Amino acid sequence: MASDINGPQSGSAIPPHPGDAPAARPVDLELLRTPPPVERADAARNRAAVLQAAARLFAAHGFEAVSMDQVAAAAGVGKGTLFRRFGDRSGLAAALLDARERDLQEAILRGPAPLGPGDGPDPDPADRLTAFTDAYLDHLLAHLDLVRMSETAARGARYRIGAYRFWHRHAAILLAGRSEDPDHDAHALLAPLAAEHVAALLPELGEQRIRAGARRLAARLAAPRPA
């Protein structure tokens, strides 16, 4: 999913707070993003309509229950157009997931605080990490079937996709100076946010307990280290 492109440096490289270790070097998270497709204006409008229709249908009925015919009809495009653009239903699901991941990445890079850097004083890394955890769960729970499919397509697939590397690097930057091993602790934060894990726990624990547990973990990991 990842592709190397040039772009502005991430606002996620946080300057040190009192008592923190030196901040991580500014890291260009843009390089870990999937670039949006380059299309004509009419093709981009059709693509947006298809992805919106697919998102509604997948959310309402589940990925397995939705056909390409249904998506084409809901989007107002021909079935042939849909197959030419996306190949099959799995290709459509991947395109939808890519688009939603880019939306969240854009909010992290340039959005308002605390999820993004904002326009004012630098938000506290702990607040940003908690906001990321909340926003990631919003994204995950809205597209649980699709994320689960992408993360379990092959052994270790979750850790090879560009989106995971983006989430991990962002968390590691926020944990710099707050953790003895930011890279390890960023993986530790993301481990209970795996789609397979969340899908297994959701019937037993429910969404609110999963969210509360993830927030507690983020707060503990990002707590300032004793002087």
- Query: Among the numbered criteria (1) within 23 Å of Ala48 (Cβ to Cβ); (2) in contact (Cβ under 8 Å) with a residue 40 or more places away in the chain, which single criterion is violated by Asp138?
  - Reply: (2)
- Hey, among His184, His197, which residue is modelled with pLDDT of 95 or more, assigned to a helix (DSSP H, G or I) and farther than 15 Å from Arg158 by Cα? His184
- Query: If the Cβ limit is 7 Å and pairs must be 6+ apart or interchain, which residue in the stretch 76-97 that is charged (D, E, K, R) pairs with which residue that is at pLDDT 90 or above and surrounded by 14 or more Cβ atoms within 10 Å (Cβ to Cβ)?
  - Reply: Lys79/Met68; Lys79/Ala72; Arg89/Met68
- For Leu104, are the conditions met, namely being at pLDDT 65 or above and either open to solvent by 70 Å² or more (accessible area, probe 1.4 Å) or out of contact with any Asp or Glu (no Cβ under 9 Å at 6 or more places or on another chain) (or both)? no
- Query: Which residue pairs have Cβ atoms under 9 Å apart, sit 6 or more places apart or on different chains, and have a first residue in the stretch 211-227 that is open to solvent by 100 Å² or more (accessible area, probe 1.4 Å) and a second that is among the basic types (Lys, Arg)?
  - Reply: Arg225/Arg178
- Query: Out of all the residues in the stretch 178-210, which are farther than 22 Å from Leu141 by Cβ and open to solvent by less than 80 Å² (accessible area, probe 1.4 Å)?
  - Reply: Arg178, Ser179, Asp181, Pro182, Asp183, Asp185
- Message: Looking at the structure I just gave you, is Ala154 in a helix (DSSP H, G or I) and open to solvent by less than 70 Å² (accessible area, probe 1.4 Å)?
- Response: no
- What are the residues in the stretch 118-151 that are open to solvent by 20 Å² or more (accessible area, probe 1.4 Å) and of a type in the set (Lys, Arg), if any? Arg148
- Message: Being open to solvent by 20 Å² or more (accessible area, probe 1.4 Å) and among the polar types (S, T, N, Q): is that true of Gln52 here?
- Response: yes
- Item | Residue match in the stretch 143-154 (condition: touching a helix residue (DSSP H, G or I) at 6+ places or on another chain (Cβ under 9 Å), modelled with pLDDT of 95 or more and not β-branched (Val, Ile, Thr)) | no
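The values are calculated or read from the model by the stated rules, or taken from the named source; none is laboratory data. From a predicted model like this one, the values you see are computed outputs, not experimental measurements. Here the Cβ is made from the backbone with ideal geometry for all residues, glycine too, and neighbour counts use every protein chain on show. Ligands, DNA and RNA are excluded from the accessible area calculation, which covers all protein heavy atoms including side chains. Shrake-Rupley method; radii C 1.70, N 1.55, O 1.52, S 1.80 Å.
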